[in-house]
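First comes the structure, then the notes that go with it.
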Amino acid sequence: MNFCIVILLFLFFSGQSFAEEKAVVNEIYESPFADQAPILDGELSDPAWEKAKWKSLDKLMLGTQPDENDFSARYKVVWTEEHLYLIAEIVDDVLHDSHPNPLEQYWNDDTLEIFLDEDKSGGNHLYNYNAFAYHIALDNQAIDVGPFLTEEDQKAGKSNIKAFPDHVKSIWKRSITEPSKILWEVQITVYQGDNKDVEPSMIKPIKLSKGKEMGLMVAYCDSDYGNAREHFMGDVEIEPINGDKNLGFIDASVFGTVKLVK
Ligand SMILES: [Ca+2]
Ligand SMILES: [Ca+2]
Ligand SMILES: [Ca+2]
Ligand SMILES: [Ca+2]
């Protein structure tokens, strides 16, 4: 074997093991049980929210680092047997929706994005339902992309980008005293996360129970002007690949972990 090839192979494999060694370990978020389910009204008044800890969306995944008036946010999660509940407290100076079609460039408008991998399998979920990336838009609709279409479906003008009204319900409200601050309250019905090649209608909701762990990453696409987001901020420290941290929309392995506790 050529000496240069041996050196290159050595560098390749030693680089791989180095990357594995310094892999980021994110803390598990412990989500408390809600004796009383929160009421979806964009307010923190439910007793259940008092039991949960805040987690910040302070990790830059794409674009430039915003100052705290441009964007800052934190969230909490609680659960019942029927639903996962999330509330996000978001400071965003400009709310902007430049693509009125909910199915068009939904990641380039102001969007609360919740990545959920029910069975915590990790792995590719871009064009399947191994995990969901719910893009919750300012109109409160949650959008994600699913499996590639057959040629027949494409010819019939069908889309593999879908809204998930049965999975996600949400409402947001501005603070009267601090108008650039909004509270966004979300109810998620958790659907099976082990489906790779099926239609959403074939995926069933599951009941939640104490001790369950799921893959979870929460993020926000901040778009204040123009037709693209300026910042994409999340709650999970991601090990970059070739400098790229925007990996969550493809690979569920980069998500953090939520553990349901009582
Ligand atoms: Ca509430
Ligand atoms: Ca902003
Ligand atoms: Ca999965
Ligand atoms: Ca914005």
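Checking the cross-link pairs Lys53/Lys169; Lys76/Lys169; Lys173/Lys212; Lys51/Lys120; Lys59/Lys173 against a 26 Å limit on the alpha carbon distance flags Lys173/Lys212 as lying beyond it. In summary, the aspartates and glutamates within cross-link reach of Lys196, defined as a Cα separation below 17 angstrom excluding same-chain residues under 8 places away, comprise Asp117, Glu118, Asp119, Asp144, Asp251. Peptides 99-109, 135-145 ranked from most to least packed, by the mean per-residue count of other Cβ atoms within 10 Å: 135-145, 99-109.
Couplings 3J(HN,Hα) of the stretch 73-87, computed from phi: 7, 8, 8, 9, 9, 10, 9, 10, 4, 8, 9, 9, 10, 9, 10 Hz, in residue order, whole Hz [Karplus 6.51 cos²θ - 1.76 cosθ + 1.60, θ = phi - 60°; x for Gly and Pro].
Taking every pair of distinct Cα atoms and averaging 1/r, then inverting, what Kirkwood hydrodynamic radius in Å comes out for the chain? Present the calculation step by step, with values, prior to reporting the outcome.
Numbers: mean 1/r = 0.0515 Å⁻¹.
Kirkwood hydrodynamic radius for the chain: 19.4 Å.
For the peptides 58-69, 110-121, the ranking by packing is 110-121, 58-69, with the highest mean count of neighbouring Cβ atoms within 10 Å listed first. Accessible surface calculations at 1.4 Å, restricted to protein heavy atoms, place the chain at 51 Å² per residue. Once the Cα atoms of helix 3-21 and of the chain are each reduced to a long axis, what angle between those two axes, in degrees from 0 to 90 to the nearest 10, is obtained? For 3-21 against the chain, the angle is about 20 degrees.
The values are calculated or read from the model by the stated rules, or taken from the named source; none is laboratory data. Just so it is clear, the model here is predicted, and its values are computed rather than measured. Neighbour counts are summed over all protein chains in view; Cβ atoms, including those assigned to glycine, are modelled from backbone coordinates with ideal geometry. Just so you know, the surface numbers come from the protein's heavy atoms only, side chains and all, with ligands and any DNA or RNA stripped out. Shrake-Rupley method; radii C 1.70, N 1.55, O 1.52, S 1.80 Å.
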